[in-house]
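Notes to accompany the following structure.
The values are calculated or read from the model by the stated rules, or taken from the named source; none is laboratory data. This one's a predicted model, so the numbers in the text were calculated from it and none came from an experiment. Neighbour counts are summed over all protein chains in view; Cβ atoms, including those assigned to glycine, are modelled from backbone coordinates with ideal geometry. Just so you know, the surface numbers come from the protein's heavy atoms only, side chains and all, with ligands and any DNA or RNA stripped out. Shrake-Rupley method; radii C 1.70, N 1.55, O 1.52, S 1.80 Å.
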Amino acid sequence: MNDLAGKHIVLGLTGGIACYKAAELCRALIKEGATVQVIMTEAAAQFITPVTMQALSNRPVVHSQWDAREPNNMAHINLSREADAILIAPCSADFMAKLLHGRADDLLSLTCLARPIDKVPLLIAPAMNREMWAHPATQRNLAQLRADGTTVFDVGTGDQACGETGDGRMLESEELREDVIAFFQPKLLRGQQVLVTAGPTYEAIDPVRGITNLSSGKMGFAIARAAREAGAEVTLVAGPVHLPTPRGVSRINVVSAQNMLESTVKHAQEADVFIATSAVADWRPANASEQKIKKDGSGATPTLQFVENPDILATLAQSPRAQSGDLFCVGFAAESHDLLANATAKRARKGVPLLVGNIGPATFGQDDNALLLVDAHGAIELPRNSKLALARQLVREIATRKKI
Ligand code: CTP
């Protein structure tokens, strides 16, 4: 992906053992298409060398406000005018205190203070010992930095370099990469609660066997990620899939269609948008055996009776909140042929304002897809693209239709 193409990021490193993660982060940002200018404080250079950061960023690292190589001798002005964002990772407790007071006695703090505040956002990834993090001074500084418009990324929890365990270590480079990408996405669903179902369901025949399908969950997970990037609070009700949870998304794992229905109905009470991407099993064995069904040696095969599963989407689409327009329901249709006709008929049958058609066998398990959006006015095609790119387009379409 090239999610940061055209973005110029000033990456500031301050003193902390997490500087080693900044090396990977620099690489990750460049891989996403960004250009990166590294500024290091004197303390940062105690933890990682400028040589490493220069090699990774392909630019000389700057560290002094007295650097005479700048023709106008104003590195802090030049650096901050070019940037689409200043990202400080790691951001030490000391540097947070400096930012808070508008101190400007080194190149990085000077650049932060001199930046055009409305045009160049400041993002910080704090990194420190758990006691330093929990200290009232740090928490006070954090609240004020947020009030001043700084985006403060979460801290991680776990083992710390000092041997203690708790909150305060810097997020991993992959997590920060995702957070930086999300930061740049338009906040089309800000303040909205979005509920997504994804993946297959598994209907037990007995304790060791069951019926499921080939849905990978990738489209639903991409939609959950895109909705969160757009500023929504996202709940993802996932059938049995082995996919990592998108950052900032709250995930509920379920197994059967019945479990999925219960969880979805519960969370739909608060939701503004419901997107049903899950491939729910249409039927389940009527009487799942409590014990493993054994062969009896005679060659006889077991006879299975089925009952129809509840239709989760149709249930929610008929709820009073959906009918009054408070809950905007989006369905998916995995078809094998006649996509437009089948998707149009399914939209009417499910009673949803928007139905997204795709060709099941061409998308299950793949990283890309093509979508056909059907609503009351007709159909539009979203041509083949990565599932994440399509998910972002779908989020735009939903935001427009829901008039957020
Ligand atoms: N869906 C659901 N609960 C079900 C079945 C489907 O919520 N029990 C949702 C899916 O998540 C999807 C949409 O309904 O958003 C369409 O599902 P699909 O299985 O493609 O359609 P069906 O209703 O099963 O119709 P058909 O089998 O005729 O294609």
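Looking only at segment 59-85, count every residue that is part of a helix (DSSP H, G or I), within 30 Å of the chain's Cα centre (by Cα) and of a type outside the set (D, E, K, R) and tell me the total.
2
From Leu304, Leu236, Leu243, Leu261, grab the single residue that is in a helix (DSSP H, G or I) and either over 24 Å from Ser336 (Cα atoms) or within 30 Å of the chain's Cα centre (by Cα) (or both).
Answer to the selection: Leu261.
Look at Thr41 and say whether it is open to solvent by 10 Å² or more (accessible area, probe 1.4 Å), over 15 Å from Cys112 (Cβ atoms) and in the same structural domain as Leu145 (by TED's automatic domain parsing). Lay out the reasoning, then the answer.
Working: open to solvent by 10 Å² or more (accessible area, probe 1.4 Å): yes; over 15 Å from Cys112 (Cβ atoms): no; in the same structural domain as Leu145 (by TED's automatic domain parsing): yes.
Answer is no for this residue.
In this structure, is Arg349 within 14 Å of the ligand (Cβ to nearest atom) and open to solvent by 70 Å² or more (accessible area, probe 1.4 Å)?
Values: within 14 Å of the ligand (Cβ to nearest atom): yes; open to solvent by 70 Å² or more (accessible area, probe 1.4 Å): yes.
When the stated conditions are applied, Arg349 passes them.
Sort through Leu4, Leu25, Leu11 and tell me the only one that's assigned to a strand (DSSP E or B) and either of a type in the set (Lys, Arg) or open to solvent by less than 50 Å² (accessible area, probe 1.4 Å) (or both).
The match here is Leu11.
I'm checking my understanding of the structure. Among residues of segment 234-264 that are polar (S, T, N, Q) and away from the ligand (no atom under 13 Å from the Cβ), which one is nearest to Lys218 (Cα to Cα)?
Thr245
Quick one: in segment 86-142, of everything that is among the charged types (D, E, K, R) and outside any loop (DSSP other than H, G, I, E, B), which residue is surrounded by the most Cβ atoms within 10 Å (Cβ to Cβ)?
Lys98
Considering each residue of segment 288-318, count those that are more than 10 Å from the ligand (Cβ to nearest atom) and in contact with a strand residue (DSSP E or B) (Cβ under 9 Å, 6 or more places away or on another chain), and give that number. Let's see the steps before the verdict.
We begin by selecting, within segment 288-318, every residue more than 10 Å from the ligand (Cβ to nearest atom); these are 288-307, 318.
Still in the running and in contact with a strand residue (DSSP E or B) (Cβ under 9 Å, 6 or more places away or on another chain): 288-293, 302, 304-307.
Within segment 288-318, residues that are more than 10 Å from the ligand (Cβ to nearest atom) and in contact with a strand residue (DSSP E or B) (Cβ under 9 Å, 6 or more places away or on another chain) number 11.
Mind listing whichever residues of segment 349-373 are part of a strand (DSSP E or B) and touching a Gly at 6+ places or on another chain (Cβ under 6 Å)?
Within segment 349-373, Leu355, Leu372 meet the criteria.
The rows are residues; the columns are (1) part of a helix (DSSP H, G or I); (2) open to solvent by 20 Å² or more (accessible area, probe 1.4 Å); (3) of a type in the set (Gly, Ala, Ser); (4) farther than 30 Å from Arg396 by Cα.
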{"residue": "Glu175", "(1), (2), (3), (4)": "yes, yes, no, no"}
{"residue": "Ile181", "(1), (2), (3), (4)": "yes, no, no, no"}
{"residue": "Pro186", "(1), (2), (3), (4)": "no, yes, no, no"}
{"residue": "Leu189", "(1), (2), (3), (4)": "no, no, no, no"}
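When you check Ile17 against the structure, is it β-branched (Val, Ile, Thr), out of contact with any helix residue (DSSP H, G or I) (no Cβ under 6 Å at 6 or more places or on another chain) and surrounded by fewer than 22 Cβ atoms within 10 Å (Cβ to Cβ), yes or no?
Yes.
In this structure, is Val395 in the same structural domain as Arg284 (by TED's automatic domain parsing) and touching a Phe, Trp or Tyr at 6+ places or on another chain (Cβ under 6 Å)?
No; evaluated as a whole, the condition is false for this residue.
Can you name every residue in segment 48-73 that is β-branched (Val, Ile, Thr), in contact with a helix residue (DSSP H, G or I) (Cβ under 9 Å, 6 or more places away or on another chain) and open to solvent by 80 Å² or more (accessible area, probe 1.4 Å)?
Hits for segment 48-73: nothing passes.
Cβ contacts < 9 Å: first residue farther than 25 Å from Ala281 by Cα and at pLDDT 90 or above, restricted to segment 291-308; second residue of a type in the set (Lys, Arg) and outside any strand (DSSP E or B), any location; separation 6+ or different chain. Result?
The qualifying pairs do not exist here.
Restricted to segment 383-404, and to residues that are more than 18 Å from Phe328 (Cβ to Cβ) and outside any helix (DSSP H, G or I), which residue is least open to solvent (accessible area, probe 1.4 Å)?
Ranking the candidates gives Ser386 first.
For segment 363-382, give me each residue that is in contact (Cβ under 8 Å) with a residue 60 or more places away in the chain, touching a strand residue (DSSP E or B) at 6+ places or on another chain (Cβ under 7 Å) and open to solvent by 40 Å² or more (accessible area, probe 1.4 Å).
Asp367
For segment 326-353, give me each residue that is over 15 Å from Lys218 (Cα atoms), touching a residue at least 40 places away in the same chain (Cβ under 8 Å) and touching a helix residue (DSSP H, G or I) at 6+ places or on another chain (Cβ under 6 Å).
The answer is Leu327, Phe328, Cys329, Gly331.
Determine, yes or no, whether Glu335 is open to solvent by 80 Å² or more (accessible area, probe 1.4 Å) and either touching a strand residue (DSSP E or B) at 6+ places or on another chain (Cβ under 6 Å) or within 16 Å of the ligand (Cβ to nearest atom) (or both).
Criteria not met by Glu335.
For segment 32-40, check the following and say yes or no: at least one residue is under 28 Å from Asp148 (Cα atoms) and in a loop (DSSP other than H, G, I, E, B).
Yes; the residues of segment 32-40 include at least one that is under 28 Å from Asp148 (Cα atoms) and in a loop (DSSP other than H, G, I, E, B).
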